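Written out below as structure tokens is the structure these notes cover.
Every read-out reported here was derived from the displayed coordinates using simple, explicitly stated rules and does not represent laboratory data. Keep in mind the model is a prediction, meaning the values are calculated, not measured. Neighbour counts are summed over all protein chains in view; Cβ atoms, including those assigned to glycine, are modelled from backbone coordinates with ideal geometry.
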Amino acid sequence: MFKLAIMLTSVFILSACAVNFKEPKKANIIDDINMVVIPTGTFEMGVSNFRQKFDFLKLYVKDHCLRCDNYDKRKTWCPEEHCQHTVYVNAFKIDKYEVTNKEYDECVKAKKCTPAHRDDKKCGIFNKSYLSCTSSPDDDDVCSPSSKGVSVFNDEETGESIVGAILPDTFRGENQPVVCVDWYQAKQYCEWRGKRLPTEAEWEKAAKGGKNTLYPWGDDIKDLCKYANVKSITLPDGSHTCELPNKNKTTSVGSFNPNDCGLYDMIGNVAEWVSDWYKSDYYSVSSSENPQGPDEPEKEFLGPRKVIRGGSWTYFQPERLHSFSRDSGYIGRVWDQQGIRCVKSIEVE
């Protein structure tokens with residue numbers, strides 16, 4: 001009954017991003033300066049009534065995909081993030097900014113983190129133009145093994161043959177987000193800071209900024225240029241958003257406007273590892289209170305995957321930039337698109 005009262009009360013304070021909390025006894029004040037409090041409460045995780053509000057979603061989201069309690073696997077497959085469910089999440093703090101190269105390298109210098117894969121030719125490179133690769137404009141995920149600065153190696157976990165490269169200097173600025181880190185490295189860094197990776201539910205609640213909007217900033221994709229470092233977006237009517245000056249690389253963290261909770265780069269710049277294992281149908285069986293993700297990953301030939309949130313500088317499809325959009329990555333794989341944001345649990349007074 002007490003929990004129910006808290007949940008009902010939280011509905012009225014969801015738009016607020018700060019309440020009174022009791023700090024943990026061993027809180028690291030220095031690390032907490034650039035963190036934002038996300039209060040205890042419920043929120044709607046996944047898609048909601050956007051299908052009726054936005055014409056371009058009507059074909060993308062079917063009727064039986066809207067609520068998890070109506071989810072029917074016998075019907076046409078649903079994108080899993082479109083199965084909406086009400087989730088209760090305890091209060092937590094989340095980093096305002098994505099972890100930077102400088103911050104990550106401090107962990108390496110302290111011998112608590114392994115180096116990011118910038119120089120061992122094991123980082124997947126999205127944009128081949130950096131590597132003098134030749135290919136069609138629509139095929140920019142990998143380079144030819146004969147391209148300059150590129151190598152082929154076998155993934156230690158899956159045995160898969162991977163094309164990697166040295167990370168270009170354009171990604172190595174001190175205040176640019178660290179990339180070329182796998183999930184283990186992301187977890188290791190957050191733990192060194194006395195923090196942890198966010199759960200998928202925590203990440204989405206923070207991204208929505210206390211609102212239930214299509215994007216972290218609101219419902220209009222045309223505002224994208226103010227809030228996110230992504231590639232030029234083609235809209236359903238064939239028009240384009242503004243041409244962003246840094247569309248082919250990451251930018252310094254905090255270069256764009258924050259959401260209503262004061263969080264920067266929740267969409268774009270780099271996609272962010274979270275703690276949850278990835279399972280395509282997890283939303284239909286998710287716990288309604290502090291969900292931690294599946295107990296184990298889906299069994300796949302190429303190995304287990306973790307959830308990745310927030311899109312990256314490489315994204316150009318509007319439907320992949322929603323506050324509720326999901327992606328996944330093989331747990332030991334590294335790309336020039338994937339980075340880190342940490343959280344910390346806190347106690348409510």
Original post:
What length, rounded to one decimal in nm, is gained on full extension from Asp281 through to Gln317, with 0.36 nm per residue of separation minus their alpha-carbon distance?
Top reply: 10.7 nm
**OP:** First check a/c for segment 253-313, with a ≥ b ≥ c the square roots of the eigenvalues of its C-alpha gyration tensor; if it is under 1.5, answer rounded, and if not, answer prolate when a/b is larger than b/c or oblate otherwise.
**Re:** oblate
**OP:** Hand me the trypsin sites (Lys or Arg not before Pro) from segment 269-349 located in a DSSP loop with no more than 12 other Cβ atoms within 10 Å, in residue order please.
**Re:** Lys299
**OP:** Order by neighbour count: Ser288, Ser325, fewest other Cβ atoms within 10 Å first, most last.
**Re:** Ser288, Ser325
**OP:** At most 14 other Cβ atoms within 10 Å and a DSSP loop assignment: could you name the chymotrypsin sites (Phe, Trp or Tyr not before Pro) in segment 285-346 that fit?
**Re:** Phe301
